Amino acid sequence: MNLWLHELRLLLRARLTVIALALLAVLSVAAVVAGMAEVSRQRAAIAAIQTAQAEDIASVADYVDRTKDAGSAAYYSFHPTWDAPSSLAFAALGMRDVSPYILRVRALGLEAQIYDGDTFNPELALPGRFDFAFVLVFLAPLFVIALFHDLLSGEREAGRLRTLTALPRGGAGLMRRRTLLRLALLWVVLAAPFTVAAAVSGVAATTILLILVMIAAYLLFWIGLAGMIGRLRWSSVANAATLAACWLVLVLIAPTLANVLINRAVPISQGAEIALAQREQVNHAWDIPREQTMRRFYANHPRWADSAPLGPEFHYKWYLAFHQNGDESVAEKVRVYRAALERRDATARALGWVLPSVGMQALLTRLAETDLEAQLAYQDRIRAFHQRLRTFYYGYLFRDRPFGKADFGFAPQFEETVRG
């Protein structure tokens, strides 16, 4: 124990070590604070939905109650959907930084509503918002380099290595103690802020323990790399330069090049193209006989085929029917687009077996439910809710039932998924 305390005192007397540890601690605290602030902002925005929704529906209900027209209710009513952040989202914001987590939808064509603001960025290899994942994946290796690049070479250059090797409990044992001490200190300044924030956020204890192990494993990779470079008997400056080059390649250059190759290997059209194609189909419906639109709709939805024929006047059931036809016309495009996104995502995740930085980021975003998989799951919930909305309004439109103010209370409500 005295040896360990002695090594700790020697380590903390080094100004570079103290500065590096203090700076990493500040960055870790700042990252978790920033992440928790962003998650808090998102939760506040979601919590404010219901009040705004009640005001909007009240205004629409006053208008619709005069005409009793279900079509007007369907056309003018927006219904909120949201994707609440998980308790761990503060640590790895992932795609929540670039993809919508609140979407208000109407009972009209859904695909255009989903893809209008398409901002998917499924590649996991590029840096994102300043959060704990960013500090761990991109910045922590630099501090490992600062503390380990001269572990052996520094003693050799100072002329102390042979003496230290000859001492009792010196040599390899001494280097192991110094390595473990540095590892422990780096791990603590990363793990302590994360653990406090995770506990406050209600993250499960098993998840916290898993991430603490992941932090140690990631640090060990970089420490092992520094140890391999140190055995080459180069100077401390050469070691630092080589390790910095390794960081540049493994953390920035290789993931970026891999990202470019993935994009070329799995080409994807923009989601906005799906929205445009859906709108073209919707606009085309104004130029063709209404009976043609209704025949196509009834063929896919025979449940409503016994509805009364259209008269010469405008009827919202025709309007909503061609919106649904528009959605169904791009269903294959949506399937192909989604499958391509999933292939890109799977390929990017596979890089994690080769590039630890990509693997660590992918694991953190998966645990935090802020990755592409979580975004697609949110879209699935939107689609399921939208189908309930359509069925609700169709029950009035295709049966010519009046829709009054009280009927707004029977409209489906979006169901929030319980997040861990």
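Being modelled with pLDDT under 75, surrounded by 18 or more Cβ atoms within 10 Å (Cβ to Cβ) and within 23 Å of Thr365 (Cβ to Cβ) narrows it down to one of Phe120, Phe134, so name that one. Among Phe120, Phe134, only Phe120 is modelled with pLDDT under 75, surrounded by 18 or more Cβ atoms within 10 Å (Cβ to Cβ) and within 23 Å of Thr365 (Cβ to Cβ).
Hey, any hits in the range 53-67 for a residue that's assigned by TED's automatic domain parsing to the domain that holds Ser99, of a type in the set (A, V, I, L, M, F, W, C) and within 29 Å of the chain's Cα centre (by Cα)? Checked the range 53-67: no residue is assigned by TED's automatic domain parsing to the domain that holds Ser99, of a type in the set (A, V, I, L, M, F, W, C) and within 29 Å of the chain's Cα centre (by Cα). The helices (runs of 4 or more DSSP H) found wholly in the range 227-338 and carrying at least 3 residues that are in contact (Cβ under 8 Å) with a residue 40 or more places away in the chain and of a type in the set (Gly, Ala, Ser) occupy 236-247, 254-265, 271-284. In the range 55-71, the condition of being of a type outside the set (Lys, Arg) and at pLDDT below 85 is met by no residue. Just for the range 34-59: of the residues that are among the β-branched types (Val, Ile, Thr) and in contact (Cβ under 8 Å) with a residue 40 or more places away in the chain, which one is surrounded by the most Cβ atoms within 10 Å (Cβ to Cβ)? So, considering only residues that are among the β-branched types (Val, Ile, Thr) and in contact (Cβ under 8 Å) with a residue 40 or more places away in the chain, the one surrounded by the most Cβ atoms within 10 Å (Cβ to Cβ) is Val39. Count of the range 83-98 residues, restricted to those that are closer than 27 Å to Arg390 by Cβ and crowded, with 22+ Cβ neighbours inside 10 Å, is 1. All of Ala406, Ala350, Ala374 fail the test of being buried (at least 16 other Cβ atoms within 10 Å of the Cβ), assigned to a helix (DSSP H, G or I), aliphatic (A, V, I, L, M) and out of contact with any helix residue (DSSP H, G or I) (no Cβ under 6 Å at 6 or more places or on another chain), apart from Ala374. Does Asp400 fit the bill of being assigned to a helix (DSSP H, G or I), surrounded by fewer than 21 Cβ atoms within 10 Å (Cβ to Cβ), acidic (Asp, Glu) and over 26 Å from the mean Cα position of the chain (by Cα)? So Asp400 does not fit the description; no.
The values are calculated or read from the model by the stated rules, or taken from the named source; none is laboratory data. It should be emphasised that the depicted structure is a prediction, and the values quoted were computed from it without experimental measurement. Backbone-built Cβ (ideal geometry, glycine too); neighbour counts: all protein chains shown.
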